[in-house]
Amino acid sequence: MGMESDENRLEYEETELRLGLPGGSLKREFSQTIDLKLNLNASMASPPSPHQQQEKITAKPPAKAQVVGWPPVRSFRKNTLAVQSAAAAAFIKVSLDGAPYLRKVDLKMYNSYQQLSEALGKMFSSSTIGDCGVKELMSESKLIDLLNGSDYVPTYQDKDGDWMLVGDVPWEMFVDSCKRLRIMKSSEAIGLAPRAAEKCKNRA
Amino acid sequence: MCMFQSVMNYFPEEVLDHVFDFLTSHRDRNAVSLVCKSWYSVERFSREKVFIGNCYAVNPERLIDRFPRLRSLSLKGKPHFADFNLVPHDWGGRVYPWIEAMAKSRINLEELRLKRMVVSDESLELLAKSFPNFKSLVLVSCEGFTTDGLAAIASNCKFLRELDLQENEVDDRKGHWLSCFPESCTSLVSLNFACLKGEVNVAALERLVARCRNLRSLRLNHTVPLEVLQKILVQAPQLNDLGTGSFTHDPNSETYVKLKNAMKNCHSIRSLSGFLDVNGRCLPAVYPICTSLTALNLSYAPGLFSNELAKLIYHCKKIERLWILDTIGDKGLGVVANTCKELQELRVFPSDLYGVGNAAVTEEGLVAISAGCPKLNSILYFCQQMTNAALITVAKNCPNFIRFRLCTLNPVVPDAATNQPLDEGFGAIVQSCKGLTRLSVSGQLTDQVFLYIGMYAEQLEMLSIAFAGDSDKGMLYVLNGCKKLKKLEIRDSPFGNMALLSDMGKYETMRSLWMSSCQVTLGACKTLAEKMPRLNVEIISENEGGAGEGEARLDDRDRVEKMYLYRTLVGPRTDAPDFVWTL
């Protein structure tokens, strides 16, 4: 980490908000702050480009990077919750017809069908799809609409091995019994499709 | 003045002694002992309870010398940031020398309360065998012992009333320590082993509970199943404070029905915790006791859904202290706000520490609570985001905060609505809450927030800072402004030598200062240590080879990674490990 010259300091002063990084005037994206803390690759230590400075700091915490000792929670509590979460996690496979690979979600992370729907939307909007017809549709909000709309039907396989329509039972019961999720193209959901679309819209 | 002094000389010491008996607070006693030599002398012979906030500020010999009638000792060891892995493992804080010295001097020790100390099995054994009237052991956030040490306590302390283990790292040796309580032991009033990982002998537990008729507080660990809880409650309906073990069972079973009935019979339970392994469908069993609860801790139950939590809380109209996970959500906090009108202390802990996960609580929940709970005076709130507007509203609604700790999950997140730093929000808090003694700030913060803190936080005793400020000015505002500051802990903030050295005398009025990943250099620390002989300035280095090599490699101009300084009467400690260098 090099020392910033006074020139650079003047340049930054009028622009973006500070991150309080040691060194005072240096403005960086939060991810770089964390990476420095973890002593990751040197490329991150290069001065931020003007382009990066325009970006706003998002409220969402960075996915994988962890700051040592943050959030400030006692190790005992951290360890206990980790063990409990691992024990209580309900990871299931999720397949979306047309996507090249499956995903896994932990159903215990969500409190409602709506939350699950949003999470799935985020998850699948980032996959690269070979089929160009599907690619255009893969924006987050569009996918949620799809899941709630009539082109796709969310189904799940329960403990007995039967394929059921998502949305019929209370959320907690669904979490307990769901073993696998498949988001089917409605063309395949023969016979279910018209009613399915109705139910999905009601559940949203 | 003269007349007053001569009047005081006519007071026989017995009278002073009797008067001092009414002083229980250690602060009052400390003040009284400063009045004059006579009062100092009477006070020191009459003091039975001593509180030492930093175990390295004095030593056992001085303690025993001054307070020969010592019966109850509270000691704190490691700095607060040790809780978050910022202090290396073998830094210090061992209790053994204290126990050894008190044993040698035949102190009639009855109570020992330790926080963030290293407690070995050896110390527990020595403790158990040296003090025949020993009654109460409370260990909070300690480490270094195993269940063998607990067995020694159980076996030897004939009059044990209290064994309270809170959030300790204990090595479980599966030695059935609980069975070591002899059949003659009937004195237990409080037993808390919730933090233990291993199984206990449940038959022994049931027998113990049955014969200790004065048992008021019982907190089980997660290995104690619901069936056993039910049997225990039948034996001990007089409990005031219950920590359940595992709380999961088939709600249609006979056992569950029996549990519900047993709970209905427990009219005295005012504090409830545990639920370390819980099935939400079993929660209704506790509804009958909810109506009288004043304290509820659900912060170790991540599996409970927000609506289950809300349904439970809906019954808890008298709650004064609530500890919960952020799975409750803003909506759930709304239920708390509408229901818990007696709420004084709220802690909302983060449930998702490792992944991206759900946005759990935001400024909305906090505002709702502040509006609905007029008696709120203490809060710890981990949240996804915050806004200045919300904090300003909270400040207006709750001018009575004595403790305000806010932790944004992203430590530098700005105001979610305006993208501004959170300076104004925290400024409003310190301006409105004139009785504020403890404050933790987070989010994006400039020097401005420290200007506000220095200006308004007149009663502030403890301040925690992380990733905040722009320059030395920030720290200076605090040091100059907060006259009652006792503990200051700072990490990852751009405060340096100028701030550190501006008012060196200030540190003798404080208990301690922690600075890590800041801008202070070794040279400045050396200067400080030289000028202030009654401070220990410790440099904690985690480089390999220890401080010895570190000394050679570190230049005076190099920044110090971790510095911990504290006032002390006894000079540099003799038990410092390699990586700690006392300047």
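The values are calculated or read from the model by the stated rules, or taken from the named source; none is laboratory data. Note that the structure is predicted; figures quoted are calculated from it, not measured. Reconstructed Cβ throughout: ideal geometry from the backbone, glycine too, with neighbour counts over all protein chains shown.
When B:SER184, B:SER155 are screened for being over 19 Å from A:PHE76 (Cα atoms), more than 14 Å from chain A (Cβ to nearest Cβ) and at pLDDT 95 or above, only B:SER155 passes. Does segment B:479-494 contain at least one residue that is buried (at least 17 other Cβ atoms within 10 Å of the Cβ), farther than 22 Å from B:LYS78 by Cα and either modelled with pLDDT under 95 or aliphatic (A, V, I, L, M) (or both)? Looking through segment B:479-494, at least one residue is buried (at least 17 other Cβ atoms within 10 Å of the Cβ), farther than 22 Å from B:LYS78 by Cα and either modelled with pLDDT under 95 or aliphatic (A, V, I, L, M) (or both).
The single residue among B:SER432, B:SER442 that is surrounded by fewer than 20 Cβ atoms within 10 Å (Cβ to Cβ) and hydroxyl-bearing (Ser, Thr, Tyr) turns out to be B:SER432. The criterion of at least 3 residues that are basic (Lys, Arg), within 11 Å of chain A (Cβ to nearest Cβ) and more than 20 Å from the chain's Cα centre (by Cα) is met by none of the helices (runs of 4 or more DSSP H) wholly inside segment B:441-521. Does B:VAL170 satisfy being touching a Ser or Thr at 6+ places or on another chain (Cβ under 9 Å), farther than 18 Å from B:HIS222 by Cβ and either loosely packed, with under 15 Cβ neighbours inside 10 Å or of a type in the set (A, V, I, L, M, F, W, C) (or both)? For B:VAL170, the condition - touching a Ser or Thr at 6+ places or on another chain (Cβ under 9 Å), farther than 18 Å from B:HIS222 by Cβ and either loosely packed, with under 15 Cβ neighbours inside 10 Å or of a type in the set (A, V, I, L, M, F, W, C) (or both) - is not met. For segment B:270-286, the set of residues classified as over 26 Å from the mean Cα position of the chain (by Cα) and either at pLDDT 90 or above or crowded, with 19+ Cβ neighbours inside 10 Å (or both) consists of B:GLY280, B:CYS282, B:LEU283, B:PRO284, B:ALA285, B:VAL286, listed by residue number.
Among the residues of segment B:45-60, the one identified as at pLDDT 90 or above and assigned to a helix (DSSP H, G or I) is B:PRO60.
Considering segment B:553-576 alone, what residues qualify as being in a loop (DSSP other than H, G, I, E, B) and within 22 Å of B:GLU489 (Cα to Cα)?
First, pick out the residues of segment B:553-576 that are in a loop (DSSP other than H, G, I, E, B): B:554-558, B:560-561, B:568-576.
Listed by number, the residues that qualify are B:ASP558, B:VAL560, B:GLU561, B:THR568, B:LEU569, B:GLY571, B:PRO572, B:ARG573, B:ALA576.
For B:ASP277, are the conditions met, namely being acidic (Asp, Glu), in contact with a helix residue (DSSP H, G or I) (Cβ under 9 Å, 6 or more places away or on another chain) and within 17 Å of B:HIS222 (Cα to Cα)? It is true that B:ASP277 is acidic (Asp, Glu), in contact with a helix residue (DSSP H, G or I) (Cβ under 9 Å, 6 or more places away or on another chain) and within 17 Å of B:HIS222 (Cα to Cα). May I ask you to verify whether B:GLU110 is at positive phi and acidic (Asp, Glu)? It is false that B:GLU110 is at positive phi and acidic (Asp, Glu).
The set of residues in segment A:62-104 being more than 7 Å from chain B (Cβ to nearest Cβ), at pLDDT 80 or above and assigned to a loop (DSSP other than H, G, I, E, B) consists of A:ASP97, A:GLY98, A:ALA99, A:PRO100, A:TYR101, A:LEU102.
When you look at B:VAL413, is it within 14 Å of chain A (Cβ to nearest Cβ), more than 23 Å from the chain's Cα centre (by Cα) and among the β-branched types (Val, Ile, Thr), yes or no? Against the criterion (within 14 Å of chain A (Cβ to nearest Cβ), more than 23 Å from the chain's Cα centre (by Cα) and among the β-branched types (Val, Ile, Thr)), B:VAL413 qualifies. Only one of the numbered conditions (1) under 23 Å from B:LEU272 (Cα atoms); (2) buried (at least 18 other Cβ atoms within 10 Å of the Cβ); (3) modelled with pLDDT under 95 is violated by B:LYS331, and that is (2). Does B:GLY425 satisfy the condition of being assigned to a helix (DSSP H, G or I) and within 19 Å of B:LEU376 (Cβ to Cβ)? Here the answer is yes, as B:GLY425 does meet what is asked.
Selection of segment B:218-241 for residues being within 25 Å of the chain's Cα centre (by Cα) and acidic (Asp, Glu) yields only B:ASP241. Of the helices (runs of 4 or more DSSP H) entirely within segment B:287-389, those holding at least 2 residues that are within 14 Å of another protein chain (Cβ to nearest Cβ) and either over 26 Å from the mean Cα position of the chain (by Cα) or touching a residue at least 24 places away in the same chain (Cβ under 8 Å) (or both) occupy B:306-313, B:329-339, B:363-372.
Between B:LYS311, B:LYS318, B:LYS341, the distinction of being in contact with an Asp or Glu (Cβ under 7 Å, 6 or more places away or on another chain), farther than 20 Å from B:ARG405 by Cα, surrounded by fewer than 19 Cβ atoms within 10 Å (Cβ to Cβ) and charged (D, E, K, R) belongs to B:LYS318 only. Consider segment B:390-410 and keep the residues that are buried (at least 21 other Cβ atoms within 10 Å of the Cβ) and part of a helix (DSSP H, G or I). The one that is nearest to the other protein chains (Cβ to nearest Cβ) is B:ALA390. Here A:LEU120 fulfils each of the conditions (1) part of a helix (DSSP H, G or I); (2) away from chain B (no Cβ under 13 Å); (3) at pLDDT below 80 apart from (3).
Let's see how each residue does on (1) more than 14 Å from every other protein chain (Cβ to nearest Cβ); (2) touching a residue at least 40 places away in the same chain (Cβ under 8 Å):
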{"site": "B:PHE81", "(1), (2)": "no, yes"}
{"site": "B:ASP90", "(1), (2)": "yes, yes"}
{"site": "B:GLY93", "(1), (2)": "yes, no"}
{"site": "B:LYS104", "(1), (2)": "yes, no"}
{"site": "B:LYS115", "(1), (2)": "no, yes"}
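In segment B:210-240, how many residues are assigned to a strand (DSSP E or B) and either touching a Cys at 6+ places or on another chain (Cβ under 8 Å) or surrounded by fewer than 19 Cβ atoms within 10 Å (Cβ to Cβ) (or both)?
Adding up the residues that qualify gives 1.
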